[in-house]
1. Please determine whether any residue of the stretch 31-51 is in contact with a His (Cβ under 7 Å, 6 or more places away or on another chain), away from the ligand (no atom under 12 Å from the Cβ) and of a type in the set (D, E, K, R).
2. Restricting the search to the stretch 20-66, which residues are open to solvent by 10 Å² or more (accessible area, probe 1.4 Å), in contact (Cβ under 8 Å) with a residue 40 or more places away in the chain and either under 21 Å from Ala159 (Cα atoms) or among the aromatic types (Phe, Trp, Tyr) (or both)?
3. Residues being more than 12 Å from the ligand (Cβ to nearest atom), farther than 23 Å from Ile89 by Cα and either of a type in the set (Gly, Ala, Ser) or crowded, with 16+ Cβ neighbours inside 10 Å (or both): count how many of those fall in the stretch 8-19.
4. Restricting the search to the stretch 1-19, which residues are assigned to a strand (DSSP E or B) and modelled with pLDDT under 95?
5. Which residues, taken from the stretch 20-30, are more than 8 Å from the ligand (Cβ to nearest atom) and not in a loop (DSSP other than H, G, I, E, B)?
6. Tell me, please, whether a residue that is open to solvent by 70 Å² or more (accessible area, probe 1.4 Å) and among the aliphatic types (A, V, I, L, M) can be found in the stretch 188-197.
7. Please give the number of the condition Val69 fails out of (1) away from the ligand (no atom under 11 Å from the Cβ); (2) of a type in the set (Val, Ile, Thr); (3) open to solvent by less than 10 Å² (accessible area, probe 1.4 Å); (4) touching a residue at least 40 places away in the same chain (Cβ under 8 Å).
8. Test Glu78 against the stated conditions and say whether it is charged (D, E, K, R), within 12 Å of the ligand (Cβ to nearest atom) and surrounded by fewer than 22 Cβ atoms within 10 Å (Cβ to Cβ).
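The values are calculated or read from the model by the stated rules, or taken from the named source; none is laboratory data. In this text the structure is predicted, and so the values were computed from the model without any measurement. FYI the Cβ positions are ideal-geometry reconstructions off the backbone, even for glycines, and counts take in every protein chain you see. Side chains included, ligands, DNA and RNA excluded: accessible areas come from the protein's heavy atoms. Shrake-Rupley method; radii C 1.70, N 1.55, O 1.52, S 1.80 Å.
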Amino acid sequence: MSDVHLKLSQVHRHYGEGDTMVRVLEAADLEVRAGEMVAIVAPSGAGKSTLLHVSGLLEKPQAGEVEIVGTPTSKLNERGRTLLRRNTIGYVYQFHHLLPEFSALENVMMPQLIAGQSPKAATERAQELLDSLGIGPRALHRPAELSGGEQQRVAIARAAANHPRIILADEPTGNLDPTTSGVVFDALMNLILNENAAALIATHNHELAKRAHRIVTIRNGLIETLVL
Ligand code: ADP
């Protein structure tokens, strides 16, 4: 199996028709390998969310191919896309979207239980992830009892719960102060290295982006390497 976990080839994604058409991606190419974190830095409206949605099989490009761990997706039906997404992709949002009635541990167990794991195995995996992200002692607290940085680390643990091969994150530290952003970013980086996952992270924070293995931007519909 190739270690390229995410591959976009000649991807076109546009919105609308005719005069009002917005061409976001035009012949975009990108490869992200196992254990690699790629940061996307681009102005608002450049297409970062579109790139993440297309990479996460949440939006279908009009043309081109998105390969997920070696599987081409352009010919899959909705069911096939959903299954592949569930089995291989973890998503982290700017806001944590944790379930308020459940503890941190339960929030991380949830996707595993839905995937058919036993409660015992799900508990062990959840605790292991929370420990590795430095928030093990907070496992039994509900989201409202956690700081913003802790909440976001729980969201990262939840995204990683089912061993995704690809982690996509849309401004995961966008809502945090600079010090906390650094802690959360480092936790995310460690996780990606430990799990040997591929990660694509949109961020406005240049200092954090520089800690990624590679930085890309979106320009004229193409994905280009960026040196900050
Ligand atoms: P970013 O995440 O970099 O801010 P987006 O990917 O959200 O950028 O958007 C890229 C461009 O595509 C913007 O001009 C936006 O207005 C447009 N766009 C995004 N989604 C839609 C949609 N569903 N319908 C029409 N235009 C859209």
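1. Looking through the stretch 31-51, at least one residue is in contact with a His (Cβ under 7 Å, 6 or more places away or on another chain), away from the ligand (no atom under 12 Å from the Cβ) and of a type in the set (D, E, K, R).
2. If the condition is that a residue be open to solvent by 10 Å² or more (accessible area, probe 1.4 Å), in contact (Cβ under 8 Å) with a residue 40 or more places away in the chain and either under 21 Å from Ala159 (Cα atoms) or among the aromatic types (Phe, Trp, Tyr) (or both), then Arg33, Ala34, Gly35, Glu36, Lys48, Ser49, Glu59 are the ones that fit.
3. 1
4. none
5. Thr20, Arg23, Leu25, Glu26, Ala27, Ala28, Asp29, Leu30
6. Yes, the conditions are met somewhere in the stretch 188-197.
7. With respect to (1) away from the ligand (no atom under 11 Å from the Cβ); (2) of a type in the set (Val, Ile, Thr); (3) open to solvent by less than 10 Å² (accessible area, probe 1.4 Å); (4) touching a residue at least 40 places away in the same chain (Cβ under 8 Å), Val69 is out only on (3).
8. no
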